[in-house]
Amino acid sequence: MFPTDIIRTLQLTIQVLRRLKWVFIFLFYSGAFWMAAESHDPRYLLLIVPPVLLSSLAYVRDKEREKHGMDDFRGDWLFFRYGEPIFWAVLSIPVNDSWSFAATHTSAMTLRMTLAEHIAGRLPVDAVQVISKKVITDRQSKEQKEFTRVVVRSRFGSQVTFFIHYAAFGHTITAQYFVYRRGAQSEWEAVKFIFASPLTIWFWGIAWLRNRYSVVTNISPFRKSSFDVIDLDTMYQVTRRTVWEETRRVLQMAGLLTEEIRQAIQYHITNVQNPLFVSNSTVGNVSQLATGPQLPAAQQPAPA
């Protein structure tokens, strides 16, 4: 392990380089144009034009992916277009031992679809989008899985996304809940991203080609707006509570709500010790931390 002082030095160096980023970009553009003018050789502009064109095409392509909901990925990059993961919870739901494996699988799909319908019925359609059957493919293994996706957006465009997956194994249904957050897409951020691409494309270009990098996510920072923080946190808390309450209701209707599961769900409903939001944003003078409700140690999910 690295000594603490070395880690702090590296962190400070990275922060300084980030602050000087636009100085380097300005010097790069100035140097390229100066060399092209002094030598009367336009080939120096090849240092600028191809990266700018390629990053522009990548941006347009990613906007199309967003528009059409193309969430396929490779390897362990599931949900990488939705920003930062802030929460993950797992429920283990035992079913009747007399059920066949096929019946258990069918029940898992039915529970998830029913849950999606209940969630959609309780939330306003103008701010929340619920897709009950979202099929995502791992392009590396060609495996597909079905999720329910719930997207909550503030009027500024910031969003929180819930993914719900139910899977059967033996006589148990495992329900997994994932939550991601992302800021609002900004055209000005897109301009800056494209302008900086002659220096930055070398760091993200290959990852983008491998479907492991999202331009839109990268240019979607959170607004420095206290009201946006408040609005999105309100919508998140209501949606989070709705998801858990409807999970409890659906399981009760199916006769699968044990006392242990009831307590676990109640924990998620009532134990929100930290606000959702937001790195680099403030409400008043209080910095908001990027944390969500935490699972007790006994309920922490094991790594996949």
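The values are calculated or read from the model by the stated rules, or taken from the named source; none is laboratory data. Keep in mind it's a predicted model, so treat the numbers as computed, not measured. Heads up, the Cβs are rebuilt from the backbone with ideal geometry, glycines too, and the neighbour counts pull from every protein chain shown.
Of the residues 161, 200, 217, only one is under 25 Å from residue 92 (Cα atoms) and either surrounded by 15 or more Cβ atoms within 10 Å (Cβ to Cβ) or in contact with a Ser or Thr (Cβ under 7 Å, 6 or more places away or on another chain) (or both); which? Going through 161, 200, 217 in turn, the sole match is 161.
Checked against (1) modelled with pLDDT of 90 or more; (2) in a loop (DSSP other than H, G, I, E, B), residue 239 meets all criteria but (2). Taking the stated definitions as given, is residue 14 under 27 Å from residue 208 (Cβ atoms) and modelled with pLDDT of 80 or more? It is false that residue 14 is under 27 Å from residue 208 (Cβ atoms) and modelled with pLDDT of 80 or more. What about residue 74, is it surrounded by fewer than 16 Cβ atoms within 10 Å (Cβ to Cβ), outside the structural domain of residue 233 (by TED's automatic domain parsing) and touching a residue at least 60 places away in the same chain (Cβ under 8 Å)? So residue 74 fits the description; yes. Summed over the stretch 110-128, the residues that are charged (D, E, K, R) and either in contact with a Pro (Cβ under 8 Å, 6 or more places away or on another chain) or surrounded by 19 or more Cβ atoms within 10 Å (Cβ to Cβ) (or both) give a count of 1. Considering only residues that are part of a loop (DSSP other than H, G, I, E, B) and under 23 Å from the mean Cα position of the chain (by Cα), look in the stretch 243-274 and name the one that is surrounded by the most Cβ atoms within 10 Å (Cβ to Cβ). By that ranking, first place goes to 272. Screening the stretch 220-236 for residues that are charged (D, E, K, R) and not in a loop (DSSP other than H, G, I, E, B) and picking the one that is surrounded by the most Cβ atoms within 10 Å (Cβ to Cβ) gives 228.
Under the condition of being surrounded by 14 or more Cβ atoms within 10 Å (Cβ to Cβ) and either touching a residue at least 60 places away in the same chain (Cβ under 8 Å) or within 15 Å of the chain's Cα centre (by Cα) (or both), the residues counted in the stretch 141-156 number 9. Report, by residue number, each residue of the stretch 17-40 that is more than 23 Å from residue 190 (Cα to Cα) and either modelled with pLDDT under 75 or surrounded by 11 or more Cβ atoms within 10 Å (Cβ to Cβ) (or both). Hits for the stretch 17-40 are 31, 34, 35, 36, 37. Taken as a whole, the structure leaves residue 120 outside the set of residues that are among the hydrophobic types (A, V, I, L, M, F, W, C), under 23 Å from the mean Cα position of the chain (by Cα) and under 20 Å from residue 259 (Cβ atoms).
Residues of the stretch 130-140 that are among the hydrophobic types (A, V, I, L, M, F, W, C), touching an Asp or Glu at 6+ places or on another chain (Cβ under 9 Å) and touching a residue at least 40 places away in the same chain (Cβ under 8 Å): 136 alone. Go through 127, 103, 89 for me and flag whichever is in contact (Cβ under 8 Å) with a residue 40 or more places away in the chain, among the small types (Gly, Ala, Ser) and under 22 Å from residue 252 (Cα atoms). It is 89.
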